[in-house]
Amino acid sequence: MGIPSGYTSAQVVQAVPSPFVSSVTSYTPTVGVWTLGNGSVEGRYVKIGDLVNVFGQVVFGSTSVFTAAQPTITLPFTAKASGDIAPLVSIMYYDASANLRYYGPGITGAGILYPITAITTGTYLTNGNNVGNTVPFTWAVDDFIQFNFTYQVA
């Protein structure tokens, strides 16, 4: 089926309402295990049917408290399968003092993102470690975690 005569593709797309597509919506992720203190957090998502594309950022402040335990970050909706590797996941960890970026996957479960760092051996990605107070670096003020991925809603 082509574009009707006399219309542009943009007009056709605008004229087709969809109950399955939401606009970009803000949400406030909650950081668990670690204490955010005077840090900041923000999140946004778009829901298309039972798929959610989510973006978020957690910036740590001078009163943030880090422990060896893995932090958690809440998602806007519960993921379909607890413990599955999140599809199309992208997590970045930024060390402000060294101006370095680290990347890794995440695991979703019960509406929570569990960040994991990538470990390399030579030029090969071998496995990952749970993020902790010294993994992938020693966390401090202005360091942050960013995530952007798509997952299926339960």
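Tabulated results
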quantity	calculated
In region 140-153, the residues that are over 17 Å from the mean Cα position of the chain (by Cα) and either modelled with pLDDT under 85 or of a type in the set (D, E, K, R) (or both)	Asp142
Considering residues of region 13-41 that are of a type in the set (Ser, Thr, Tyr) and modelled with pLDDT of 90 or more only, the residue farthest from Asn133 (Cα to Cα)	Thr25
Residue, nearest to Ala98 (Cα to Cα), within region 124-139, restricted to residues that are at pLDDT 60 or above and of a type in the set (A, V, I, L, M)	Val135
Residue match in region 116-123 (condition: modelled with pLDDT under 80 and in a loop (DSSP other than H, G, I, E, B))	yes
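To keep it simple, each residue is scored yes or no on (1) in a strand (DSSP E or B); (2) at pLDDT 90 or above; (3) of a type in the set (Phe, Trp, Tyr); (4) over 24 Å from Val153 (Cβ atoms).
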residue: Gly43; (1), (2), (3), (4): yes, yes, no, no
residue: Val46; (1), (2), (3), (4): yes, yes, no, no
residue: Gln57; (1), (2), (3), (4): yes, yes, no, no
residue: Ser62; (1), (2), (3), (4): no, yes, no, yes
residue: Ala68; (1), (2), (3), (4): no, no, no, yes
residue: Pro76; (1), (2), (3), (4): no, yes, no, no
residue: Ser82; (1), (2), (3), (4): no, no, no, no
residue: Pro87; (1), (2), (3), (4): no, no, no, no
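The values are calculated or read from the model by the stated rules, or taken from the named source; none is laboratory data. Fair warning: this is a prediction, and the values are worked out from it, not measured in the lab. Cβ atoms come from the backbone with ideal geometry, glycine included; neighbour counts cover every protein chain shown.
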